[in-house]
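Undergrad: This is the structure I want to talk about, given as structure tokens.
The values are calculated or read from the model by the stated rules, or taken from the named source; none is laboratory data. Values in this document were obtained by computation on a predicted structure and should not be read as measured data. Cβ placement follows ideal geometry from the backbone for every residue including glycine, while neighbour counts extend to all protein chains displayed. The protein model used for the area step is the full one, side chains on, heavy atoms only, and it has no ligands, DNA or RNA in it. Shrake-Rupley method; radii C 1.70, N 1.55, O 1.52, S 1.80 Å.
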Amino acid sequence: MKHPFHDAEFLTTAADWRQLPSGGAPEVAFAGRSNAGKSSVINALAQRSRLAYISRTPGRTQHINFFRATSGALLADLPGYGYAKVPAAVQRRWQVFLARYLAERKALVGLVLVMDARHPLTDLDRQMLDWFLPTGRPVHVLLTKADKLSPSERRRALQDACRTIARDYGAATVDAQLFSATRRLGVTDAELAINAWLAPRESAASAEKERPRHQGE
Ligand code: GDP
């Protein structure tokens with residue numbers, strides 16, 4: 001199976017529309033409120049221990065940080081939502097950019113939304129869904145830190161999140177799975193979802209063959 005973001009490398013950073021990479025390579029965006037575990041997810045998918053922490057360095061928290069996979073696909077790390085430490089005007093400018101990026105960026109093929117499995121669907125997560133879902137493009141929710149839950153709590157967390165998403169957004173373009181960066185739970189499922197976005201026809205056949213029987217486990 002292909003690992004879409006193994007060995008991805010830092011490409012560039014964008015604070016406004018004109019700084020976004022040109023070239024049209026497909027992009028997968030990763031979002032999540034601070035401390036949800038997004039950097040750990042990105043590092044787990046890239047198999048690099050410090051990659052996503054670039055997005056934390058001063059001056060880059062209100063930027064979209066791009067990483068390039070060996071296939072040419074781009075990973076767009078959307079940091080900073082949930083950070084209260086910046087002036088209101090900066091925060092507003094960032095939100096306007098983020099909203100436009102999610103709604104209008106042509107190269108964007110899907111959004112991975114990282115949530116702490118114990119505190120899913122915060123107001124900020126819902127804001128991201130509200131901006132992105134009107135595009136009709138898919139969202140894959142990772143309920144991370146699943147290792148902190150017992151097996152029955154995990155099942156319930158996944159069930160509850162799926163039910164809430166179906167109720168509030170309609171299930172069509174959003175799916176969800178359990179994940180743990182520390183235990184590497186759900187990495188294959190996440191990669192299969194991303195592969196399907198990057199090469200829809202090619203991966204439909206291989207997903208059939210390779211999909212594990214227990215989602216997210
Ligand atoms: P970010 O702010 O969303 O990028 O979050 P980080 O990836 O930096 O993670 C925030 C905290 O949660 C850190 O202390 C991580 O070590 C911890 N963390 C992240 N993922 C996991 C996980 O899967 N399991 C556990 N137990 N802790 C995690």
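Undergrad: Looking at 60, 93, can you tell me which residue is within 16 Å of the ligand (Cβ to nearest atom), over 24 Å from residue 141 (Cβ atoms) and either at pLDDT 95 or above or not hydrophobic (A, V, I, L, M, F, W, C) (or both)?
TA: The match here is 60.
Undergrad: I'm trying to understand the selection: among the residues of the stretch 6-40, which are assigned to a loop (DSSP other than H, G, I, E, B) and in contact with a Leu (Cβ under 6 Å, 6 or more places away or on another chain)?
TA: Across the stretch 6-40, the qualifying residues are 8, 25, 26, 33.
Undergrad: Among the residues of the stretch 132-161, how many are open to solvent by 60 Å² or more (accessible area, probe 1.4 Å) and either small (Gly, Ala, Ser) or not in a loop (DSSP other than H, G, I, E, B) (or both)?
TA: Total satisfying the criteria: 8.
Undergrad: Looking only at the stretch 119-152, count every residue that is more than 19 Å from residue 168 (Cβ to Cβ) and either in contact with a strand residue (DSSP E or B) (Cβ under 6 Å, 6 or more places away or on another chain) or not small (Gly, Ala, Ser) (or both) and tell me the total.
TA: 7
Undergrad: For residues in the stretch 162-187 being in a strand (DSSP E or B) and open to solvent by less than 10 Å² (accessible area, probe 1.4 Å), which is farthest from the ligand (Cβ to nearest atom)?
TA: Here the residue is 177.
Undergrad: Okay, moving on. Consider the stretch 85-131. How many of its residues are surrounded by fewer than 18 Cβ atoms within 10 Å (Cβ to Cβ) and either part of a helix (DSSP H, G or I) or among the β-branched types (Val, Ile, Thr) (or both)?
TA: 19
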